[in-house]
Amino acid sequence: MKNLSGKFKVEYPSFYNDPTDIKQLFFTINSVAHIFLAFFPSFDPTRWKICFSDQYTNPLCDRSNKQIIITSPPGDWNRVAYQFSHELCHAVIPSDVPDKFRWFEESICEMASYYVLPEVGKYWRSSGNFFKYYESKTKNKQFYFYTFSQYVKKDKQKAIPFPVDKLFSNEYRHLLESMTINPEQRGYNAQVAQTLLSVFNQHPDTWHFIQFLPKMDSSLSFREAIKGLFSLTPEDSHPGLNLILETFGLS
């Protein structure tokens with residue numbers, strides 16, 4: 001296990017020992033943290049450990065043990081960034097979100113990857129990280145920083161299309177019920193994530209509200225539960241919250 005620049009503790013397989021690969025892995029993790037944690041200055045990464053493991057089917061965030069599990073091979077840096085962004089989003093949410101709204105948390109954290117990865121590519125480029133790799137189709141060397149946006153573009157294809165602004169209508173009540181029962185339906189999460197992404201790109205300070213997701217009142221409708229957050233959340237997140245309601249057809 002190694003401490004990452006005085007931040008996260010990182011545990012990776014002993015066979016992963018190439019100094020260049022390890023350097024790029026650490027740069028990837030630092031890049032995600034630099035971009036995403038800028039919105040959450042009170043979050044303390046020194047209390048958390050990142051573990052690379054093939055013993056799990058899916059990556060996960062274990063809040064109780066302050067641990068993030070990454071199932072990607074350490075050398076697949078764009079996939080590492082994708083998984084880490086998603087699980088870090090869960091990590092900054094301080095406690096469990098009510099079951100009724102877990103689908104929303106999952107969709108927000110899916111969207112975190114879509115938001116962060118293009119920024120990681122920009123950060124690599126602006127930081128002078130011009131690492132190259134052999135592109136399998138052309139057999140030519142390409143700058144790796146391009147692959148972060150490419151990864152997102154490919155991942156978005158898993159989305160199952162439906163009109164997000166109709167999710168709370170009678171017509172789509174069955175879908176909302178299904179997502180409430182099983183909040184980790186990645187195709188539907190991805191569709192919500194893609195739709196909400198423009199809100200966060202337009203109003204990045206909207207990120208500040210997600211630490212208050214556990215405060216959503218499960219006795220209320222989604223609209224009223226979001227409205228209830230206005231008295232708790234920073235004012236700079238309120239334009240985005242209003243747009244989220246508008247996006248769901250609930251303004």
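Which one of these does A81 not meet: (1) crowded, with 24+ Cβ neighbours inside 10 Å; (2) in contact with a His (Cβ under 6 Å, 6 or more places away or on another chain)?
(2)
If you scan segment 139-159, which residues turn out to be among the hydrophobic types (A, V, I, L, M, F, W, C), closer than 16 Å to G187 by Cβ and in a helix (DSSP H, G or I)? Spell out the reasoning first.
Initially, segment 139-159 is screened for residues among the hydrophobic types (A, V, I, L, M, F, W, C), giving 143, 145, 148, 152, 159.
Filter again for closer than 16 Å to G187 by Cβ, leaving 152, 159.
Residue satisfying the conditions is V152 alone.
Considering Q157, Q150, which residue is over 21 Å from W207 (Cβ atoms) and without any contact (Cβ under 8 Å) to a residue 24 or more places away in the chain?
Selected residue: Q157, the only one of Q157, Q150 that is over 21 Å from W207 (Cβ atoms) and without any contact (Cβ under 8 Å) to a residue 24 or more places away in the chain.
Condition (residue is surrounded by 14 or more Cβ atoms within 10 Å (Cβ to Cβ) and out of contact with any helix residue (DSSP H, G or I) (no Cβ under 6 Å at 6 or more places or on another chain)) applied to segment 145-153: is it met by at least one residue?
Narrowing segment 145-153 to residues surrounded by 14 or more Cβ atoms within 10 Å (Cβ to Cβ): 145-152.
Subset that is out of contact with any helix residue (DSSP H, G or I) (no Cβ under 6 Å at 6 or more places or on another chain): 146, 150.
There is at least one residue in segment 145-153 that is surrounded by 14 or more Cβ atoms within 10 Å (Cβ to Cβ) and out of contact with any helix residue (DSSP H, G or I) (no Cβ under 6 Å at 6 or more places or on another chain).
Taking segment 84-94 as the search range and keeping residues that are touching a strand residue (DSSP E or B) at 6+ places or on another chain (Cβ under 9 Å) and in contact (Cβ under 8 Å) with a residue 60 or more places away in the chain, which one is surrounded by the most Cβ atoms within 10 Å (Cβ to Cβ)?
So in segment 84-94, the residues touching a strand residue (DSSP E or B) at 6+ places or on another chain (Cβ under 9 Å) come out as 84, 86-91, 93.
Then keep just the ones that are in contact (Cβ under 8 Å) with a residue 60 or more places away in the chain; that gives 89, 93.
On the way: C89: 24, I93: 19.
Step by step, filter segment 84-94, then rank; the result is C89.
Name the residues in segment 92-108 that are of a type in the set (V, I, T) and part of a helix (DSSP H, G or I), would you? Break it down into steps so the answer makes sense when it comes.
Step one: filter segment 92-108 for residues of a type in the set (V, I, T), giving 92-93, 97, 108.
Hits for segment 92-108 are V92, I108.
Taking segment 228-251 as the region of interest, how many residues are within 17 Å of I108 (Cβ to Cβ), in contact (Cβ under 8 Å) with a residue 60 or more places away in the chain and part of a loop (DSSP other than H, G, I, E, B)?
2
Out of curiosity, is R186 at pLDDT 95 or above, farther than 26 Å from S95 by Cα and not β-branched (V, I, T)? Please lay out each step first, then the result.
Details: at pLDDT 95 or above: yes; farther than 26 Å from S95 by Cα: no; not β-branched (V, I, T): yes.
No, not satisfied.
Sort out which residues of segment 217-241 are surrounded by 18 or more Cβ atoms within 10 Å (Cβ to Cβ), within 13 Å of Q202 (Cα to Cα) and out of contact with any Ser or Thr (no Cβ under 6 Å at 6 or more places or on another chain), and write them in order of number.
Within segment 217-241, just L241 meets the criteria.
I'd like the full set of residues that are part of a loop (DSSP other than H, G, I, E, B), in contact with a Lys or Arg (Cβ under 8 Å, 6 or more places away or on another chain) and either at pLDDT below 95 or buried (at least 19 other Cβ atoms within 10 Å of the Cβ) (or both), limited to segment 35-72.
If the condition is that a residue be part of a loop (DSSP other than H, G, I, E, B), in contact with a Lys or Arg (Cβ under 8 Å, 6 or more places away or on another chain) and either at pLDDT below 95 or buried (at least 19 other Cβ atoms within 10 Å of the Cβ) (or both), then W48 is the only one that fits.
Tally the residues that are within 16 Å of N78 (Cβ to Cβ) and either touching a residue at least 60 places away in the same chain (Cβ under 8 Å) or in a strand (DSSP E or B) (or both), restricting the search to segment 6-26.
Number of matching residues: 1.
Tell me, yes or no, whether segment 109-120 has at least one residue that is more than 16 Å from Q194 (Cβ to Cβ), in a helix (DSSP H, G or I), among the aromatic types (F, W, Y) and under 19 Å from the mean Cα position of the chain (by Cα).
As a first pass, look at segment 109-120 and keep what is more than 16 Å from Q194 (Cβ to Cβ): 119-120.
Imposing the further condition that a residue be in a helix (DSSP H, G or I) reduces the set to 119-120.
After this cut, where a residue has to be among the aromatic types (F, W, Y) as well, the list is none.
No, that holds for no residue.
Return the only residue of F168, F131, F104, F145 being among the hydrophobic types (A, V, I, L, M, F, W, C), touching a residue at least 60 places away in the same chain (Cβ under 8 Å) and closer than 21 Å to F26 by Cβ.
Numbers: F168 fails: closer than 21 Å to F26 by Cβ; F104 fails: closer than 21 Å to F26 by Cβ; F145 fails: touching a residue at least 60 places away in the same chain (Cβ under 8 Å).
Only one candidate qualifies: F131.
Scan segment 168-227 for residues that are part of a helix (DSSP H, G or I) and more than 19 Å from the chain's Cα centre (by Cα) and report the count.
18
The values are calculated or read from the model by the stated rules, or taken from the named source; none is laboratory data. Given the structure is predicted, the values throughout are model-derived calculations rather than measurements. Because the Cβ atoms are built from the backbone with ideal geometry, glycine has one as well, and the counts that use them run over all protein chains shown.
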